[in-house]
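One structure below.
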Amino acid sequence: MHKTRNILFNVYMGAFLLYLFAPLAIMGGAAFNDNKLPSVYPWKGFTWRWFADLMNDQVMWTSFRNTILVALAVVVIAVPIGTAAAILINSITGRVRAVLYGVMVAPILMPGAVIGISTLLFWNQVSVPSGLHLSVLGQVSYIAAFVMLLVLARLQSFDPALEEAALDLGASHGQVLRRILLPHLTPALAAGGAIAFFQSIENFNVTLFTRGTSNTLTVYVFSKVRSGITPTINALALMLIVMTLVAATWYEIGRRRRARVEAAREAEGRRAAAAEEM
Amino acid sequence: MQDMLRRYGSSLTGAFVALVAFWLLVLVILPNLTLFEQSFRPYLPVVDVGGPKDTYSFNNYAKFLNNPVVWNLFGFEVTVPVHLKTFLSTVFFSGVVTFITFLLSYPLAYYLAKVVEPRSLPTLILLLFIPLWVSEALRAFAWYIILTFNGPLNAVLVGIGLLDKPVRWQNGVLTAYDAIVIGLVYTYVLFMLFPIYGSVQSLDRNQIEASEDLGAKWWQTHWRVILPHAKPGIASGCVMVFMLSAGSLLVPSVLPSTSSNWFTQTIQQWMLESQDWNTGAAYSFLYILLCTVVVALVMWLFKVKLSDIAK
Amino acid sequence: MSAGIDLENVCCDFGSFRAVDNANVAIRPGEFFSFLGPSGCGKTTILRMISGFIEPTQGTIRIGGKDVAGLRPNQRPTALIFQNLALFPLMPIWENITFGLEVRGVDKATRRRKADELLKLVDLPGAADKMVSQLSGGQKQRVAIARALAVEPAVMLLDEPLSALDLKLRQHMRAELRAIQKRTGVTFIYITHDQGEALAMSDRVGVMSQGRIQQIADPRDIYNNPVNGFVASFVGENNVFTGTVQNPAGGVAAFETALGTFRARLGEQARGPGVKLYVRPEHTLLSDAAAPENSVPVTISEVSFEGAFISVMGNAPNGQLLTAEIRNDGSATVPAIGAAMHMSFDPARAAILPDAAVSGG
Amino acid sequence: MGEPDVSDTSFSRRSFLKRSAAGMGALAAPAIISSKALASSGEINFTGWAGYPALAETVFPAFTAATGIKVNFTELPDQDAMFAQAKVALEAGGIDVIEPTIDRWGGWNSNGLLQPFDEAKLAMDNYLPGLADGSAGERSRMDGALYYVPSNWGTEALVVADGSAVLSDPPSLGDLFKPENMATVRPHSALAAMGRWLDATGKLPRPWMDGYTDMGAMVELWDIALAEAVKAKANVVQWWSGENEANAGFTANGATIGLCWDSTGYNLRNDGYKYIAPAEGAFAWHQGFVLMKNAVNVEQAHEFVKFVSTPEGAAGWATAFSSNPVGKGAAELMNPDVSTYYNGTFNADALAKLWWWPEQTAEFIAKRGEYADKYKAA
């Protein structure tokens, strides 16, 4: 009974992964098709020319650089804000907490276009010109909420007595933050940073309205979709996927190593406890 | 607050509060207030802004109810304002997307949480995460390639004889929104999977075994034990997927049919095509308001709280 | 170096709830002092006021004769050992131990040396480079003590540090703690709800209930001469009789109950309603015949063997259940259930006591 | 980077020389820097159409080589986006010159975005007859001041699949709505095409053009056009809003007929598609430059606009857009492929029938958007 069930589950899992990856494969495959329309069908022969075109596409590279700069700026601003917000929300209770929490989470649920438009209008009124700096601020307004949620979840596993212990041992508030709280939050900060980075790279709606006259990669890709697309886009996508895969593999190897070390330590702790009882 | 002061001292607490205040006030509340204020003002040439014609009214909101069109709903012809129709379609098909992603995700979440060997779990999760890192524009575009009339899907289906002639997938087989639904499901299914996985995972395996031990059939175990436990995760996934779908602009723009219209496209049209930022602002607020009502209703029905959701 | 601690009229309110009411105590330098009481009695609040995490609503706290009002935890010469130890999981043991020195700017080599020294003191040599997760419960306990000692506090504050350990280990660590305290001469203030722990380790014990310190005395006095019913019943078992005081004279009085009039010591505050007569089970004697005074006929209803002693329960004529404990030394015969016997007690071993002192009283 | 001679007559010769010199890597060749050249060094912020890479690849380098002025180019997919951007730039700056169409700049101006050009700094004689004078010239001015200077012009006509499209004789806008054809159109142009077709066949109560000047007439006429278009909607296989979608409408989604820009017809000319002017006359657009009110590089902007009226500049611009040049002598410099293609579509008769998009007010555009919505929703 369980055996057939497991087989069914495995088949389903396989099918699901196929479903997730097949479109990406088809899109990647089109990068090698010598056909100016991006598709794998009809196949008109293998070519590297779309990669060559991509390399020569200056606008794309400028957009790429802009995207990275914006993403880094978003990480630098959103992570401290999200962390501060998580700490704040974690140390208050009652109705104020509920209201504050609602206000903080709301931007996640707000359509990006609305965020972009409102950011643009507001800064326009205080005479700040549009541009990538506004894209950063617009993106931070909802990405900070993701960071806040991640850090908050991590804070819930934090023992506040650790901070009190450090204070009691004479640490200043700054030292408590640096030596006790931040190290504990590191995984959440890293995850928050990564999410912020990828959310920013991925962002289209907010950026579209706030970017002024600069391009970012998604906006550029979209304008390509609108104005004459060639398989250079597919070449770009394929390269992004490959980079992601490499980064993911690298992360996974590191994670497994850390997990092994921690497991060994815990086993030793259990052995010590067992020895004590004898 | 007292607690915070004690832990972090006045200067650090001040810094935290300042950061949060900057975020919520300057980045969230004030821009939205600006938008809100703009939504009550008429669209005027720049020279007239602030002049005698620049007065507050509900005119921009009233446009939502203009332009009646005939809508064939299950055989009944009803006349509704065109933008209301767009809004209702957006809500309905976002609901469809949500439901499909749930059906796809639940068995998988259960599999990941309780069936799969713990050793291979991290690798699987990592694999699942990879598509999330490919930009939404490109994911929607992948489906555009697949679904086109002269595309690979038709080529394969006709080639193996399943179809005798190509189908216009993008224009819809069942409804005008087929391609958009397919694209949205593909784009957001993982936002359903991971919250459900998280909540199923926190269920003690003993509870499942106890249920089986007491003679429950597998579906009874799911219905009475696992689903109720996973409710916050499900609600969380549903709200996320629903709001993301309804708020998507890329997917409906890349995978439209000739009769589809997404509410975000309407907003974009006001903003960019008609240049009427004021009506665009009004529509944005209507959108937020109406979607909030929908989400609140769902949360009330499922008896879940906001704090259960955003985890 | 060790310091005394004085609490003068210390009160602490949380909103309208008074957690600590008018606490007065003078803890001597080098003393092992325990606050004993049920959960919610205010003992942890007192500890947190001493360590500086909570400011008293009113009253004065002096450490080493110096008023510490307004001083933050990191400015007080106290070191707190937390209930869950609060070891830093991301630092190796030696960094944990010398964290207090690190934040004072002590250089690394000195810290490392100090860590090794302290680890020897708490009998954990060689653990310096391990992580917290590699240690057993008892070992973590020792690291927590070492960490607190590292900053050379004048006062150590211990918040039920043994509660997470199992029984055997707990008893072992009691002795260890006491020994460390003697070795270092530091004032220990110990919080517990476990009367055994408090009585076994402390020089003096303060029993608390509902925010009030009920009695401060050495362990023997606490047990033998409780000042009120709360102390009597929180520390040890009792047979309790309700009734009224008659003819008080010279610290002795007659006490009229439904089971007859008994004679017993009269507590200082024992007046008015709520006054009861308390007799410890081990001071309750079991005999076949009625004793000349303070005797109650009983029907044996249950006999339970506890190891060192045997606990015998009997129903008095009015239905009240009385308990007597007989030593398991073979000198007494164990009665059969249903047997008709008598329980009695020495007037010197029985006390007429008021209820607990309560807030505002 | 200077030039010994910057007179207009030697413009094209000079820049051709310069271009070949640059091609040989002789950029560092010494030159005498004249005061005029110095005045025109610097940069210009130009916001224009996305998807025409030849602008950045050939035209801007030629302009920079000729004048020393660097072009900062911002690409936007359509002029709605340009207008949005311009509204922002009015506060924020960052744009000197933008490239809308002639029917739209009036709305831009009434929004206070523009300032007039200084005709003395341009070369109005460079323009082909009828593009900057006559009725087009009138439409370029407000109170006598020149606000709009042409850059290129083009058409929106029928792209048909050779052989599979079912066409009337002569081909008509009405062919777009034949059930036998599969069409790709822009919603609002399809409605205008329907209106003009109905007008031509005498099925409208009043001239279609009335709708562009009188909002009451507009509603009356567009209601009729919408109703007819909705009836015929089943044959629409894809909407397009940009070049890519139009292309894909034919190649990927199998449309047999479409109302598309000339560039679409040009791009598909070797894939079995033809570009045909309908009997009612092709829609024609007229595109040009406007100067932002808060432009900072005004001198350079004039240089830039003037460059696009020279034979070389006009030819480069029109080649990039696969459209028609505005400058005298430019046709000879154009890609022969492009000129052949145009001449194949537009004989003298077809040119005479060109239907220039009338000016559309903001109110009109908003209303037009509503009709497009209803058409899409049907």
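Read-outs: derived from the displayed coordinates by stated rules, not from any lab. Treat the numbers as computed from the prediction; the structure is a model and nothing was measured. Neighbour counts are summed over all protein chains in view; Cβ atoms, including those assigned to glycine, are modelled from backbone coordinates with ideal geometry.
Which order do the peptides B:240-246, C:15-21, B:37-43 come out in when sorted by mean C-beta neighbours inside 10 angstrom, highest first? Don't jump to the answer; show the numbers that get you there.
Numbers: B:240-246: 24.9, C:15-21: 15.7, B:37-43: 18.9.
Order by mean packing, descending: B:240-246, B:37-43, C:15-21.
Student exercise: in the stretch B:69-310, how many lysine pairs 8 or more apart or on different chains have Cα atoms under 21 Å apart?
Values: B:Lys114/B:Lys217; B:Lys114/B:Lys231; B:Lys217/B:Lys231; B:Lys231/B:Lys303; B:Lys231/B:Lys305.
So the count works out to 5.
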ask   = Long-range amide H contacts for C:Ala19: which residues qualify at under 5 Å (H placed 1.01 Å from N, peptide plane, sequence gap of 5 or more or a different chain)?
value = C:Cys12, C:Asp13, C:Phe14
query = What size of dipole, in debye to the nearest 20, comes out for chain B about its Cα centre when the only charges are +1 on Lys and Arg C-beta atoms and -1 on Asp and Glu C-beta atoms?
reply = 400 debye
task = Take the alpha-carbon centre of the stretch B:238-263, take the same for the stretch D:219-276, and report the distance between them in whole Å.
result = 24 Å
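Order of C:134-141, A:29-36, A:145-152, D:89-96 by packing, highest average Cβ count within 10 Å first?
Details: C:134-141: 22.4, A:29-36: 19.4, A:145-152: 25.1, D:89-96: 20.9.
Listed from highest to lowest mean packing, they are A:145-152, C:134-141, D:89-96, A:29-36.
Counting only other chains, and only Cβ atoms inside 10 Å, what mean value do you get across the residues of A:40-51? Working shown, then result.
Working: counts 5, 11, 4, 2, 0, 0, 0, 0, 0, 0, 0, 0.
Average neighbour count from other chains, rounded to a whole number: 2.
Grab the beta carbon distance between D:Ala54 and C:Glu117, set R0 = 56 Å, and tell me the FRET efficiency rounded to 0.05.
Numbers: r = 79 Å, r/R0 = 1.41.
Given R0 = 56 Å and the Cβ-Cβ separation, E is 0.10.
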Other-chain or far-sequence residues with amide H under 5 Å of B:Thr258's (modelled H) = none
query = Points 7 angstrom from Cα along the Cβ direction at A:Val59 and D:Arg206: gap in nanometres?
reply = 4.3 nm
message = Between the stretch C:298-361 and the stretch C:134-157, how far is it from one alpha carbon centroid to the other, in angstrom?
response = 43 Å
request  = Give the cross-link partners of D:Lys274 among the lysines, using a straight C-alpha distance below 25 Å as the criterion and excluding same-chain residues fewer than 8 apart.
outcome  = A:Lys36, A:Lys44, A:Lys224, D:Lys178, D:Lys233, D:Lys353
key: Selection of trypsin sites (Lys or Arg not before Pro), the stretch C:270-361, meeting DSSP coil and at most 13 other Cβ within 10 Å   = C:Arg271
ask   = Among C:Gln195, C:Ala154, C:Ala127, whose Cα sits farthest toward the positive end of the charge dipole of the stretch C:117-220 (+1 at Cβ of Lys/Arg, -1 at Cβ of Asp/Glu, about the Cα centre)?
value = C:Gln195
task = With r as the distance between the Cβ atoms of B:Tyr61 and B:Leu162 and R0 = 56 Å, compute the FRET efficiency 1/(1 + (r/R0)^6) and round to 0.05.
result = 0.70
Under the Karplus curve 6.51 cos²θ - 1.76 cosθ + 1.60, θ = phi - 60°, whole-Hz ³J(HN,Hα) for the stretch C:241-258, x wherever Gly or Pro sits = 10, 9, x, 10, 7, 10, 6, x, 7, x, x, 10, 8, 8, 10, 8, 10, 5
ask   = Hey, rough spin-label estimate for C:Glu306 and D:Met215, points 7 angstrom out along Cα→Cβ, what's it come to in nanometres?
value = 9.6 nm
task = Grab the other residues whose beta carbon is less than 12 angstrom from that of C:Ser233, score K and R as +1, D and E as -1, and report the net.
result = 0
remark   = Log10 I(q)/I(0) at q = 0.14 Å⁻¹ for the stretch C:230-353, from Debye over equal alpha-carbon scatterers, is -0.58
remark   = The lysines whose Cα lies under 22 Å from the Cα of C:Lys120, excluding any fewer than 8 residues away in the same chain, are C:Lys108, C:Lys130, C:Lys140, C:Lys182
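Say R0 is 56 Å: what FRET efficiency, to the nearest 0.05, do A:Leu100 and B:Asp213 get from their beta-carbon distance? Write down the numbers at each step before the final one.
On the way: r = 45 Å, r/R0 = 0.80.
It comes out at approximately 0.80.
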Estimated distance in nm for a label pair at D:Glu332 and B:Arg119, the labels positioned 7 Å out from Cα along Cα-to-Cβ = 8.1 nm
ask   = If the cut-off is 17 Å between C-alpha atoms, which aspartates and glutamates fall inside it for B:Lys53, apart from same-chain ones fewer than 8 positions away?
value = B:Glu37, B:Asp276, D:Glu363
ask   = Sorted from largest down, what three extents in whole angstroms do the Cα atoms of the protein assembly as shown have along their principal axes?
value = 142, 74, 64
message = Averaged over its residues, how many other protein chain Cβ atoms are within 10 Å of peptide B:110-116's Cβ atoms?
response = 3
note = Expected integer from the mean partner chain Cβ neighbour count at 10 Å over B:85-92 is 1
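How would you rank D:361-368, B:58-65, B:248-255, C:147-154, highest first, on the average number of other Cβ atoms within 10 Å across their residues?
Details: D:361-368: 18.4, B:58-65: 15.8, B:248-255: 25.0, C:147-154: 22.1.
Sorting D:361-368, B:58-65, B:248-255, C:147-154 by mean packing, highest first, produces B:248-255, C:147-154, D:361-368, B:58-65.
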